[in-house]
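Down below is the structure, laid out as structure tokens.
The values are calculated or read from the model by the stated rules, or taken from the named source; none is laboratory data. From a predicted model like this one, the values you see are computed outputs, not experimental measurements. Quick reminder, even Gly has a Cβ in these numbers, built from the backbone with ideal geometry, and neighbours come from all protein chains shown. Calculation scope for accessible area: heavy atoms of the full protein, side chains included, ligands and nucleic acids excluded. Shrake-Rupley method; radii C 1.70, N 1.55, O 1.52, S 1.80 Å.
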Amino acid sequence: MNAELLPGLYIVATPIGNLGDLSPRAAAVLSHADVVAVEDSRVTAGLLRHIGVKRSMLPYHDHNADAVRPGLIARMATEVVALVSDAGTPLISDPGYKLVRDARAAGHAVVTVPGPCAAVAALTLAGLPTDRFLFMGFLPSKAHARAEAIAEVAAVRATLVLYESGPRLSACLAALAEGLGDREAGVAREITKRFEECVTGRLSALVERYADAPPKGEIVVVVAPPEPPAPASADDGDAALAEALTRLPPAKAAGEVAKRLGLDRKALYTRAMELKDR
Ligand code: SAM
């Protein structure tokens, strides 16, 4: 039995570039873990070296997860099992959710040690609304499937956040502009690293900027929500009222149009009476 921590599964977020972002709590859990489930042991070995510890590591990635999971679940009964990914928060476009699901089903403790996540870090850089956001992970690489995925979210009133790579960035931005219109957006690159930058502007300007110069490094794209529709004009109100009056009495016509166009019901009723008497 581990003297420092209770047995169970510990989800440990690690830096996305700057090793200084490893939290003291994350370092403590990694230092005392009986086993660390890792994507790539070479990457995690570097992190463990940074904090001056050696721990037993077990590869856990898309290709072996189903085979390795039952053994890890069994160990959680008596041991401290830490899960890390190569960078950032495990489970976020990284393996892990089935491990958490099965750990819960087996009745083991599941503890999170939160920290860096590229999606959230990019949201803090881009200067776009953050009250509602939709994380889309990586879009499909094939053009048709990508266009479909974009069309699916075109009407969603939330900032969109997606992961991308340098070579695919330009095609991705062009597909976003095509499917969503020319919205405000941001391209956050190499977050927390030496060449961190966040370039913002309309999608059309970003398409142009990156068309012939695919950027290096890791990238998050953030796209503003759709702009609210322009308010209905008095002419729109008149046209809708005239049509509604062919079917409904003035009060009902005014009510229907007020609801549909977001206009004042009383003013519409007065106008409906005028139109009716013409
Ligand atoms: N689990 C990670 C997290 O919490 O952000 C994400 C893992 S996903 C496999 C890797 C992708 O995250 C990269 O391709 C890139 O899109 C994004 N990413 C990771 N680190 C980044 C960084 N320092 N700057 C910008 N994007 C980054």
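Values computed for the structure shown
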quantity: Helix-only mean residue ellipticity at 222 nm for the chain, each DSSP H run of n ≥ 4 adding -39500 (n - 2.57), per residue, nearest 500; calculated: -13000 deg cm²/dmol
quantity: Residue-span extension gain [Ala109 to Arg209] - 0.36 nm each, minus C-alpha spacing; calculated: 31.2 nm
quantity: Ranked by how many other beta carbons lie within 10 Å on average, peptides 159-167, 61-69, 244-252 from highest; calculated: 159-167, 244-252, 61-69
quantity: Acute angle (nearest 10 degrees) that the helix 41-50 long axis makes with the longest principal axis of the chain, alpha-carbon atoms; calculated: 80
quantity: Of Ala154, Ala28, Ala230, the one that fluctuates the most in a GNM where the chain has Cα springs shorter than 10 Å; calculated: Ala230
quantity: Beta bridge orientation in the chain: antiparallel %, DSSP, nearest 5; calculated: 50
quantity: For the stretch 234-276: rounded, prolate or oblate by the Cα gyration tensor [a/c cutoff 1.5]; calculated: rounded
quantity: Value of Rg to Rh for the stretch 8-116 (Rh from inverse mean 1/r over Cα pairs, i.e. Kirkwood); calculated: 0.92
quantity: Rounded to 10°, Cα long-axis angle of helix 265-277 versus longest principal axis of the chain; calculated: 30
quantity: Most to least packed among 194-201, 38-45, 74-81 [average Cβ atoms within 10 Å]; calculated: 74-81, 38-45, 194-201
quantity: Between 0 and 90°, nearest 10: helix 234-245 axis offset from the chain longest Cα axis; calculated: 70
quantity: Rounded, prolate or oblate (a/c below 1.5 giving rounded, otherwise prolate when a/b exceeds b/c) for the stretch 13-76 by Cα gyration tensor; calculated: prolate
quantity: Protein accessible area in the stretch 234-276, 1.4 Å probe - carbon and sulfur %; calculated: 57
quantity: Label-point separation, Asp131 to Ile51 (7 Å along Cα→Cβ), nm; calculated: 3.8
quantity: FRET efficiency, 1/(1 + (r/R0)^6) with R0 22 Å, evaluated for His63 and Ser165 via beta carbons; calculated: 0.65
quantity: For the chain, radius of gyration divided by Kirkwood radius, i.e. Rg to Rh on alpha-carbons; calculated: 1.18
quantity: Residue-normalised accessible area of the stretch 119-223, given per residue in Å² at a 1.4 Å probe; calculated: 51
quantity: Relative contact order for the chain, counting Cα pairs under 8 Å that sit 6 or more residues apart, in percent; calculated: 16
quantity: Total lysine pairs whose alpha carbons fall under 23 Å of each other in the stretch 177-278 (8 or more apart, or interchain); calculated: 5
